[in-house]
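The values are calculated or read from the model by the stated rules, or taken from the named source; none is laboratory data. Computed from a predicted structure; not experimentally measured. We place every Cβ from the backbone using ideal geometry, glycine too, and count neighbours over all the protein chains shown. Heavy atoms of the whole protein, side chains included, go into the accessibility calculation; ligands, DNA and RNA do not. Shrake-Rupley method; radii C 1.70, N 1.55, O 1.52, S 1.80 Å.
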Amino acid sequence: MSHPIRILCVCLGNICRSPTAEAALRAELGARAEVDSAGTGGWHVGDAPYPPMQAAGRQLGLAMAELRARQVRPADFGRFDLILAMDRQNLRDLQALDPGGGARLALYLDPLGGGDVPDPYYTRDFDGVAALIVQAAQAWSEQL
Ligand code: 4NP
């Protein structure tokens, strides 16, 4: 087998969507991937995932309590094969940071037809977003 694909999930705060995506991809892909997550913003660096998001993930069997937020850094574009943005603003922010020549950038929802993972920090629909994130992780597992 070739080396595990290295995937970085990115959202704004790294406390809601991207840590959930990290846990969901890790669960779906197992040894086929090494998965991490980060935020484009730095407000929550060092924080655990937002408790209501952790609770919604737990309902779906996702382990998130040990994760800690960090900010995207330029070196990530060389360390990861695939960087998955949770929404189109995250993708634009990543494109602006990208030194080029490294990771493939894509939307996390591309296998489901694209678009944005709604931010539950604002919508408060933690269960709906957790279910959507797991559904997309299953779709990535079929594609990769
Ligand atoms: P996330 O949600 O990008 O899915 O982690 C957010 C969490 C916190 C903030 C924004 C989005 N915030 O501005 O503090």
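Count of segment 30-58 residues, restricted to those that are open to solvent by 10 Å² or more (accessible area, probe 1.4 Å), touching a helix residue (DSSP H, G or I) at 6+ places or on another chain (Cβ under 7 Å) and within 21 Å of Glu142 (Cα to Cα), is 3.
So which residues in segment 112-144 are farther than 16 Å from Ala24 by Cα and among the acidic types (Asp, Glu), if there are any at all?
If the condition is that a residue be farther than 16 Å from Ala24 by Cα and among the acidic types (Asp, Glu), then Asp116, Asp119, Asp125 are the ones that fit.
Among the residues of segment 1-21, write down those that are within 14 Å of the ligand (Cβ to nearest atom) and not aliphatic (A, V, I, L, M). Correct list: Cys9, Cys11, Gly13, Asn14, Cys16, Arg17, Ser18, Pro19, Thr20. Against the numbered list (1) farther than 13 Å from Ile7 by Cα; (2) surrounded by 18 or more Cβ atoms within 10 Å (Cβ to Cβ), Ala103 comes up short only at (1). The residue of segment 82-92 that is farthest from the ligand (Cβ to nearest atom), among those that are under 18 Å from Glu22 (Cβ atoms) and open to solvent by 10 Å² or more (accessible area, probe 1.4 Å), is Leu91.
Of everything in segment 112-123 that's free of Cβ contacts under 8 Å to residues at least 60 places away in the same chain and open to solvent by 30 Å² or more (accessible area, probe 1.4 Å), which residue is farthest from Leu94 (Cα to Cα)?
Going residue by residue through segment 112-123, those that are free of Cβ contacts under 8 Å to residues at least 60 places away in the same chain are 112-116, 118, 122-123.
Among the residues that remain, those that are also open to solvent by 30 Å² or more (accessible area, probe 1.4 Å) are: 112-113, 116, 118, 122-123.
On the way: Leu112: 21, Gly113: 20, Asp116: 15, Pro118: 18, Tyr122: 21, Thr123: 23 Å.
Ranking the qualifying residues of segment 112-123, first place goes to Thr123.
Of the residues examined, Ala103 is not one that is under 21 Å from Gly30 (Cα atoms) and either within 16 Å of the ligand (Cβ to nearest atom) or under 14 Å from the mean Cα position of the chain (by Cα) (or both).
Among the candidates Arg68, Arg73, Arg79, the residue that is under 16 Å from the mean Cα position of the chain (by Cα) and surrounded by fewer than 13 Cβ atoms within 10 Å (Cβ to Cβ) is uniquely Arg73. Of the set (1) of a type in the set (Gly, Ala, Ser); (2) in contact (Cβ under 8 Å) with a residue 12 or more places away in the chain; (3) more than 27 Å from Ala63 (Cβ to Cβ), all apply to Ala130 but (3).
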